[in-house]
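Novice: Here it is, the structure in full.
The values are calculated or read from the model by the stated rules, or taken from the named source; none is laboratory data. None of these values were measured; they are calculated from a predicted model. Every residue, glycine among them, receives a Cβ derived from its backbone with ideal geometry; neighbour counts consider all protein chains shown.
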Amino acid sequence: MRVITRSELAYRSKYDLDAIHALVLREIADAKQGSPELHSAMVSLENIRREQGARKTPPKASRSVDPRAQQHPA
């Protein structure tokens with residue numbers, strides 16, 4: 001297995017990422033300990049998780065202003 005890069009993953013949909021994630025997990029399960037395939041799969045898995053995490057960043061919160069906080073005592 002070759003390493004799947006973040007730039008390759010950036011243009012994939014969430015569903016594609018989930019499917020690739022599942023495929024890489026199967027590759028890891030089938031790879032021999034210490035093999036180049038296992039190393040590539042582990043790097044790919046980390047890249048997938050980073051891309052998924054980057055997409056889960058919450059949007060910037062808008063400021064909600066409490067009208068009572070703006071009142072000035074007379």
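Novice: Only one of (1) loosely packed, with under 10 Cβ neighbours inside 10 Å; (2) of a type outside the set (Asp, Glu); (3) at pLDDT below 95 is not met by Gly34, so which one is it?
Specialist: The number of the failed condition is (3).
Novice: Pairs under 6 Å by beta carbon, first residue in contact (Cβ under 8 Å) with a residue 60 or more places away in the chain in the range 32-53, partner in a helix (DSSP H, G or I), six or more apart or different chains?
Specialist: Close Cβ pairs (under 6 Å, with a partner that is in a helix (DSSP H, G or I)) do not exist here.
Novice: Confirm whether Val24 is assigned to a helix (DSSP H, G or I) and in contact with a Leu (Cβ under 6 Å, 6 or more places away or on another chain).
Specialist: Numbers: assigned to a helix (DSSP H, G or I): yes; in contact with a Leu (Cβ under 6 Å, 6 or more places away or on another chain): yes.
So Val24 passes the test.
Novice: May I ask you to verify whether Tyr15 is among the aromatic types (Phe, Trp, Tyr) and part of a helix (DSSP H, G or I)?
Specialist: Yes, satisfied.
Novice: Still on this structure, please answer the following. Take the residues in the range 37-73 that are at pLDDT below 90 and in a helix (DSSP H, G or I); name whichever of them is nearest to Val3 (Cα to Cα).
Specialist: Arg55
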